[in-house]
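Down below is the structure, laid out as structure tokens.
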Amino acid sequence: MLVFAVYIISTDGRPLLIERFTKDEEMPSDVLLCGLLATIQLLSEELTGEPGSAEKFQLKGYIFHLKSFSNKFQVVVASNFDECPDDLLENLGLRFYKKYSQELENWKGDQTKFSDFGGTIIEQLKGKYKIDISRSLDPKKRLDTMSILSLPKSIQDTALIVVMLEHATVSEMEKFLNKKPAQIEKHLKALQQDGYIGVELMADEIYYYIISN
């Protein structure tokens, strides 16, 4: 399960904190997206009579899972999976409210008040969800036959192995390639820069992966 970003948004649509794990230019505009998500919650409340009744919203390449807290803010997880990460949303929301309840009462728009919560978000995601520590992955790109053929010939075989393994270290790829680790890393870097692969740190090892669905 891949997480592209986590948003914490005030009820009036202002971003309190945004933690991204993909290229900034690939995500929708912060101002527009936060305003849209806040509006969706307001409309859902008018239609159902229940605050925070909107739970999911989808744009091309992204599935947004939403949860409101104390009619003060909502936590939004942008992902590639349909199943709602209830435990994650609840955990992040309760931790955020416990830490910043006083700041939320008199908040004047200074986002730096909440910036240290980014570390908490990463800690809660580790081990359960994939996050791209390189922030290079483009959710709309796939390493399919046509995209591989469009790559320079020198890195096509590396791209094929990445697709075959889906999630692997350089040493695991080396078993299938007649290349030195430094050369494989160079080719992986090129695939990263093009937005085709992400990077994950697990048990002090670096793994490279693709979006497989």
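Just a few scattered comments:
- For beta carbons closer than 7 Å, sequence separation of 6+ or different chains, a first residue in segment 78-103 that is without any contact (Cβ under 8 Å) to a residue 60 or more places away in the chain and a second that is among the small types (Gly, Ala, Ser) and in a helix (DSSP H, G or I), there are no qualifying pairs.
- Yes/no for residue 168 being over 24 Å from residue 27 (Cα atoms), out of contact with any helix residue (DSSP H, G or I) (no Cβ under 6 Å at 6 or more places or on another chain) and surrounded by 15 or more Cβ atoms within 10 Å (Cβ to Cβ): yes
Every residue, every condition in (1) more than 14 Å from residue 212 (Cα to Cα); (2) among the small types (Gly, Ala, Ser); (3) buried (at least 17 other Cβ atoms within 10 Å of the Cβ), yes or no:
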| position | (1), (2), (3) |
| --- | --- |
| 155 | yes, no, yes |
| 175 | yes, no, no |
| 186 | yes, no, no |
| 193 | yes, no, no |
| 197 | no, no, yes |
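- Condition met for residue 2 (modelled with pLDDT under 90, hydrophobic (A, V, I, L, M, F, W, C) and surrounded by 15 or more Cβ atoms within 10 Å (Cβ to Cβ)): yes
- No other residue among 115, 101, 44 is over 18 Å from the mean Cα position of the chain (by Cα), assigned to a helix (DSSP H, G or I) and exposed (fewer than 13 other Cβ atoms within 10 Å of the Cβ) apart from 101.
- Within segment 58-86, being buried (at least 18 other Cβ atoms within 10 Å of the Cβ), under 12 Å from residue 38 (Cα atoms) and not aliphatic (A, V, I, L, M) holds for 67, 68, 73, 74.
- Enumeration of residues in segment 28-37 that are surrounded by fewer than 19 Cβ atoms within 10 Å (Cβ to Cβ) and either within 19 Å of residue 118 (Cβ to Cβ) or touching an Asp or Glu at 6+ places or on another chain (Cβ under 8 Å) (or both): 30
- 1 or more residues under 24 Å from residue 129 (Cα atoms) and at pLDDT below 95: qualifying helices (runs of 4 or more DSSP H) within segment 145-206: 181-193
The values are calculated or read from the model by the stated rules, or taken from the named source; none is laboratory data. The structure presented is a predicted model; accordingly, all values stated were derived computationally and were not measured. Methodologically, a virtual Cβ is constructed for each residue, glycine included, from the backbone with ideal geometry; neighbour enumeration extends over all protein chains shown.
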